[in-house]
Amino acid sequence: MTAARQDATQDSTDVLRVADLTKVYALHSPVISRLTRGGARDGQLRALDGVDLELRRGEILALVGESGSGKSTLAKILVGGQTATSGSVHHDGHPMPAHRDRDQRRRIQMVFQDPYSSLNPRISVGSMLRELLLLHRVVPRRDVRAESVRLLNLVGLEEDALEAYPSQFSGGQRQRLAIARALAVRPDVLIADEPVSALDVSVQATILELFASLQRELGLSILFVAHNLAVVQHLSHRVAVMYLGRIVEVAETAELFANPRHPYTRALIDSIPRMSVGSINEEFVLEGEPPSPFDVPAGCRFHPRCPYATDACRTTDPALADVAREHRSACLHASDLDAFDAAPDPRRSLEFGSPTTADLERVATTTTVTTTVTTTKDRSTSA
Amino acid sequence: MRTSSAAGTAASTALSLLRVTDLRIGIRRRRGDDTVIVDDVSFDIAAGQRFGVVGESGSGKSLTLRAVADLLPKGVEVLSGSILYDGRELVGMPGAERRRLMGPEIAMIFQEPMTALNPVVRVGDQIAEGPRRHLGLSKRTAHSLAVEMMAKTGIPDPERRSRAYAHELSGGLRQRIMIAMAVSCSPRLLLCDEPTTALDVTVQHQVLRVLEDLCADTGTALAFVTHDLAVVNQTCTSMAVMYSGRIAESGSVVEVLSNPRHPYTRGLLDSAPDFDQPERQLIPIAGFPPSVTGRPVGCAFAPRCPFAVERCRTAVPPREEITPGHDTACFESERIFAGVPA
């Protein structure tokens, strides 16, 4: 709380601010402690371990991390579905109580990952929206239908959807319905938990475009939880990287990808499967797997997998600190990591004449074409 | 070590390990009006080749793979066509004979390792089962082979892990157990159904590397089904793009991704975010894939295709070769991609 008061000036730009947020799940069940053996000595799972993060007004902030990093827990706490063990959540400069009133709940809304299980199959789209609009007294009763149609149009659906049931829609359309439902109560923050990962590739782009346009046109602030970094890179203004219940790096999107200041972020970027022909990353493989949140390593929580780890990393737990303007990293060696090159291996690019958008466009419209079809990867045509 | 049992293999099939021709999969109806789910699918996989099949959900990519492994869901069957493995016809082959192939010749890796592993058998014993049955190894030899395989897939402390149960392992380790199990009898063809979709990116990267290394070491051919173009680009040498039960385009990965000749492939490339091109505008494909029962009469992609003409709505375009090894099933390919040298 003190943190928020100190930064009273920043509150005008931060629509949502969490300080030192911790979520501990106590495990009483002997079955679970038996299954996890020595790992659950104190019977505690630290899903969040001191998270500081702010969502600025009108921005899309991406939250990335592997499973078990706590990103969904953070989303649930922000939306009020879970209460934090300690720490604070401020919305518009006001602390959010553990139990929110109707208006406080209204202002932060959520879109879930799976549109097949997050819509009630037995309620028509019209009733779903009507219920919300009336409960939250968004519009007078006589305007409910008009407002419902406006919402549907907003997410790219037609009026005839009002009478339909969720089963009559495809995955992408269902996700549009889920977004319309979240927008019905006119929130100022949208929390989207992996909203495109359950969708087909060709449909993902339309939903991403919808999020971008909602942010642009309605000035919505969006926290976009994702694991696909290529998606994040396209959509978000800033990126926060989570590892084992803590934010380890935050920066503006371009800065984060061009100049990552945390070894974990580098590992994530190096693991992204590349789509451009010739851009194949196979130089760096991160050893090991994310450790269990039952048993967070001492010192820097990333050190057992970190190629740069030193003795200091094994004993000191680094805090998130400024490394550049608008760029924070929780790494003791953040300032002395060597320059990072996320670009494809120059050797390969050379062989391929580094195809870019422009190249692909040219290939498709005019004349140039990639020349040799042999590479170090020995790509052979089918026999 | 291996002797070809198919001595009478015709010259034309000598080069391919797996040759699928005009495969049609669906549900047979008494009254003759069969529901066709996969139609007219043909492809070749040569020994040691890594072949990727890309498609959205419902495109029939998994069914095609499952038809090869004889793991089609109840009620769904191969209606016509041929699946030639090393010169032997798999369609209509008696069950017992076919099961003998599974393991030493053909093996499969599934998307969700938790549901594909037996929860009450130690993972080491599950890996050893194949070698004991197919290679006739003793319990002890099979176990040490299992541990060796686990080490090969990069599982730390394999001896100890071999005594673990599936639930005690993380997703990445489980998937490696699946891989170890699949390659324990050194198959010549490894079928992978979205093997990394359930995994985190860093773990996906590790698992893909393991798969690639194993295949390179043993000369195993790979049939790799995924919805992720980037994963195919990273892993495979040739590929097919499936849409609504048919192959839209096929060829070498380099050819198809850098010089797509089907509007659907082009659309997929334009709509997927590419990490190497952050500034590029994503262009979504309008509409959504048709359901199995609601497929259009002509080209299945026509309703979503910006280039569709009258002919596309009435006839199904045949697959035509543009350059050797690069096929597309599009009437208008030449016009759409005009000026691009083939």
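Tabulated results
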{"item": "Pairs where the first residue, in segment A:154-169, is touching a residue at least 24 places away in the same chain (Cβ under 8 Å) and the second is open to solvent by less than 10 Å² (accessible area, probe 1.4 Å) and hydroxyl-bearing (Ser, Thr, Tyr), C-beta under 9 Å, 6+ apart", "result": "A:162/A:148"}
{"item": "Hey, residue A:279 at pLDDT below 90, within 11 Å of chain B (Cβ to nearest Cβ) and assigned to a helix (DSSP H, G or I) or not", "result": "no"}
{"item": "Count of segment B:289-322 residues which are in contact with a Pro (Cβ under 9 Å, 6 or more places away or on another chain) and open to solvent by 30 Å² or more (accessible area, probe 1.4 Å)", "result": "7"}
{"item": "Top-ranked residue in segment A:230-280 [being of a type in the set (D, E, K, R) and within 23 Å of residue A:210 (Cβ to Cβ); ranked as most open to solvent (accessible area, probe 1.4 Å)]", "result": "A:252"}
{"item": "Among the candidates A:130, A:100, A:122, A:105, residue that is within 26 Å of the chain's Cα centre (by Cα), among the charged types (D, E, K, R) and open to solvent by 60 Å² or more (accessible area, probe 1.4 Å)", "result": "A:105"}
{"item": "Qualifying residue in segment A:204-226 (condition: facing another protein chain (nearest Cβ under 10 Å) and not in a helix (DSSP H, G or I))", "result": "no"}
{"item": "Filtered residues of segment B:159-212 (kept if assigned to a loop (DSSP other than H, G, I, E, B), open to solvent by 20 Å² or more (accessible area, probe 1.4 Å), among the small types (Gly, Ala, Ser) and touching a residue at least 40 places away in the same chain (Cβ under 8 Å))", "result": "B:186, B:198"}
{"item": "Residue match in segment A:230-239 (condition: touching a residue at least 12 places away in the same chain (Cβ under 8 Å), within 13 Å of chain B (Cβ to nearest Cβ) and of a type in the set (Ser, Thr, Tyr))", "result": "yes"}
{"item": "Those residues of segment B:256-265 which are surrounded by fewer than 24 Cβ atoms within 10 Å (Cβ to Cβ) and either in a strand (DSSP E or B) or more than 7 Å from chain A (Cβ to nearest Cβ) (or both), in sequence order", "result": "none"}
{"item": "Hits in segment B:192-217 - residues which are closer than 10 Å to residue B:172 by Cα, under 17 Å from the mean Cα position of the chain (by Cα) and hydroxyl-bearing (Ser, Thr, Tyr)", "result": "B:196"}
{"item": "Matching entry among A:72, A:67 (being open to solvent by 60 Å² or more (accessible area, probe 1.4 Å) and within 15 Å of the chain's Cα centre (by Cα))", "result": "A:67"}
{"item": "Qualifying residues in segment A:173-221 (those that are among the small types (Gly, Ala, Ser) and open to solvent by less than 10 Å² (accessible area, probe 1.4 Å)) - the one farthest from residue A:130 (Cα to Cα)", "result": "A:202"}
{"item": "Scan of segment B:170-211 for residues that are small (Gly, Ala, Ser) and within 14 Å of chain A (Cβ to nearest Cβ), ordered by number", "result": "B:170, B:171, B:172, B:198"}
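To keep it simple, each residue is scored yes or no on (1) in contact (Cβ under 8 Å) with a residue 60 or more places away in the chain; (2) on the phi > 0 side of the Ramachandran plot; (3) part of a loop (DSSP other than H, G, I, E, B); (4) more than 9 Å from chain A (Cβ to nearest Cβ).
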residue	(1), (2), (3), (4)
B:214	yes, no, no, yes
B:225	yes, no, no, yes
B:230	no, no, no, no
B:254	no, no, no, no
B:276	no, no, yes, no
B:283	no, no, yes, no
B:292	yes, no, yes, yes
B:297	no, no, yes, yes
B:300	no, no, yes, yes
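The values are calculated or read from the model by the stated rules, or taken from the named source; none is laboratory data. Predicted model only: the values in this text are computed from it and were never measured. When we count neighbours, we look across all protein chains shown, and the Cβ atoms used for this are built from the backbone with ideal geometry, even at glycine. Surface areas here come from the heavy atoms of the whole protein model, side chains and all, with no ligands, DNA or RNA. Shrake-Rupley method; radii C 1.70, N 1.55, O 1.52, S 1.80 Å.
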